[in-house]
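Here's the structure we're looking at; comments come further down.
The values are calculated or read from the model by the stated rules, or taken from the named source; none is laboratory data. None of the values given here were measured: they were computed from a predicted structure. In this analysis, Cβ positions are derived from the backbone assuming ideal geometry, glycine residues included, and neighbour counts consider all displayed protein chains. When the accessible area is computed, the model is the full protein with side chains, heavy atoms only, and any ligands, DNA or RNA have been set aside. Shrake-Rupley method; radii C 1.70, N 1.55, O 1.52, S 1.80 Å.
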Amino acid sequence: MPATTLESYYLSKPEPYQGCLLALKDVILRTNPGICHERKFQIPFFTYKGKKLGYLWLNGKKLMLGFCVDKSVQVTEGNIKPKDKYESMRIDPNADLPMDVILAKLRYYIKQIDEKS
């Protein structure tokens, strides 16, 4: 059975990036059963209750874990149209994952979505 496009993204990356990306994917998906995994913008993307939550991105030798506040859960003021707000952190694939930081960020962004749903 051929690998899906999403699986092939991970499998096409060299070590130690591949292992780190797969570990991050596992951590994110285990954080909450409502998190969905898809490919968007050619990279692994995660959503929660249909709202953007985060992404994994390997740009050259920079491995990034990004988080997103979906514009639909932001408070709007006047005629200002909200835009998705992104925050990213660089991950060292040769070091232990900063689990406390990653889980705290995921919980924070999930809470933002829960409060607006």
| said: Quick check on Lys81: is it open to solvent by less than 70 Å² (accessible area, probe 1.4 Å), part of a loop (DSSP other than H, G, I, E, B) and in contact with a helix residue (DSSP H, G or I) (Cβ under 9 Å, 6 or more places away or on another chain)? | reply: no
| said: All but one of (1) in a strand (DSSP E or B); (2) open to solvent by 60 Å² or more (accessible area, probe 1.4 Å); (3) at pLDDT 95 or above hold for Met64; state the number of the condition that does not hold. | reply: (2)
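I'm checking my understanding of the structure. Among residues of segment 68-78 that are under 20 Å from the mean Cα position of the chain (by Cα) and either modelled with pLDDT of 85 or more or in a loop (DSSP other than H, G, I, E, B) (or both), which one is surrounded by the most Cβ atoms within 10 Å (Cβ to Cβ)?
Only one residue tops the list, namely Cys68.
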| said: So for segment 27-41 (the condition being open to solvent by less than 80 Å² (accessible area, probe 1.4 Å), assigned to a helix (DSSP H, G or I), in contact with a His (Cβ under 7 Å, 6 or more places away or on another chain) and closer than 26 Å to Ser117 by Cα), does at least one residue qualify? | reply: yes
| field | Inter-residue pairs, beta-carbon under 6 Å, first closer than 13 Å to Leu24 by Cβ and in segment 89-117, second open to solvent by less than 90 Å² (accessible area, probe 1.4 Å) and part of a helix (DSSP H, G or I), 6+ apart | value | Pro93/Tyr17; Pro93/Cys20; Leu106/Thr31
